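Have a look at the structure below, then the notes.
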Amino acid sequence: RRAAFAQLKNVAPVTKDGHRVTVMVNAGLRDDVSALDLTGADGIGLFRTEFQFLVSATLPQREAQRRLYRDVLEAAGDRPVVFRTVDIGGDKALPYLNHDEDGEEENPAMGWRALRLALDRDGLMKAQARALIEAAAGRTLNVMFPMVSEPWEFDQARALFEAQHAWLAARGRKMPSEIRYGAMLEVPALAEVLDLLLPKLQFLSIGTNDLTQFLFAADRAHPKLALRYDWLSPAILRFLKRVSDQARAAGVPVAVCGEMGGRPLEALALIGLGIDRLSITPAAVGPIKAMLRGLDRGAVMAAMEEMLRHPEAPLRDVLTGWAEAQGV
Ligand code: PEP
Ligand code: MG
């Protein structure tokens, strides 16, 4: 089967009824970029920039950041790369950053992390913004902010990037041809004010790892909870449908970049919700392409609509039965 999946490298992820799905990979280190050629993915839908910070003994200097981003863009060639600004803090604490100035955090996942920390420690974010803008000279730069909870956080982060852009431009540096700004939706509260944020976004990416832990109030790393709540629960699927319908109506492309999209049955459900951009772990690209090529998108969208209206039996069972009956 591994060999069979590898052969799908040059085969496009098109459903049986002819819908082209965008399948990208998640990455975080320089070497991860080789996954693009190995899998034939459409790009990097989530580049976790905090990895460089986590593997480093000291704060990576702007020049080291710039070099990494440049290498990644060069290796990706024409394929898009979405750089997520640092998601540090919480359980990804850095020894060289003073996280504990107000004492230990009781709930680090819901604590001072990601964009919250980056906006407070804006020196960190300014250096990263400059490194990204310089690295993307002459190209498109896609920037995505993690853990956006309210639209003003996105505004502030974008303004910080624009100020760095203006600073570099005033010094005659070569600029990116375009900067596209996106947000991650992983804090449920953002869904309630999404109408305010969508007009400002070039793209939206749903982080289902954090989103599901916050929706169910269930620690994503807790072994006793790992099997308790299902990604295929009506609560999650209805939530995702509402968000993706709203984004699409506003003309904003929406992707899922959590682990959910890398599992065939879950990805089938996402296609059924109308989500057709996935960013997944590289090892999942082959299996997901194989699933997509056997799937009738129109049929799964109709089936999902019905299943979500009256979700009586566990949806995992219903979807498994449906997929078997369809020969997916
Ligand atoms: C997520 O939360 O779904 C996500 C993609 O980000 P991370 O797993 O890095 O928190
Ligand atoms: Mg996350």
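Bear in mind that the values in this text are calculations on the coordinates, not laboratory data. All values derive from a computational prediction rather than experimental measurement. Every residue, glycine among them, receives a Cβ derived from its backbone with ideal geometry; neighbour counts consider all protein chains shown.
For Arg113, no residue 5 or more places off, or on another chain, has a built amide H under 5 Å of its own.
For segment 54-109, what log10 I(q)/I(0) values come out of the Debye formula at q = 0.23, 0.24, 0.27, 0.31 1/Å, with one point per alpha carbon and no solvent? With one equal scatterer per Cα and no solvent, log10 I(q)/I(0) is -0.99, -1.03, -1.15, -1.29.
Can you give me the Cα centroid spacing of segment 118-185 and segment 1-62 in angstrom? Centre-to-centre (Cα) distance: 22 Å. Each of the peptides 34-47, 275-288, 68-81 was scored by the mean count of other Cβ atoms within 10 Å over its residues; in descending order, highest first, they stand as 275-288, 34-47, 68-81. In sequence order, segment 46-52 has phi-based couplings of 8, 9, 7, 5, 5, 4, 4 Hz under the Karplus curve 6.51 cos²θ - 1.76 cosθ + 1.60, θ = phi - 60°, and Gly or Pro positions carry x. Straight-line cross-link partners of Lys289 among the lysines, defined as a Cα under 23 Å from its Cα and at least 8 positions apart when in the same chain: Lys9, Lys16, Lys241. Only helices enter the 222 nm calculation for the chain: every DSSP H run of n ≥ 4 contributes -39,500 (n - 2.57), and dividing by all residues gives -13500 deg cm²/dmol, rounded to 500. Two numbers describe the Cα atoms of the chain: Rg and Dmax, which are 19.8, 63 Å. Once you have a ≥ b ≥ c as the square roots of the Cα gyration tensor eigenvalues for segment 196-328, tell me rounded if a/c is under 1.5, and otherwise prolate or oblate according to whether a/b is larger than b/c. It is rounded, given that a/c, with a ≥ b ≥ c, falls under 1.5.
Only the Cβ atoms of Lys and Arg (+1) and of Asp and Glu (-1) were treated as charged; on that basis the dipole of segment 1-158 about its Cα centre amounts to roughly 940 debye.
For segment 58-211, the gyration tensor built on C-alpha atoms gives an oblate shape. Its axis ratio a/c (a ≥ b ≥ c) is at least 1.5, and a/b is not larger than b/c.
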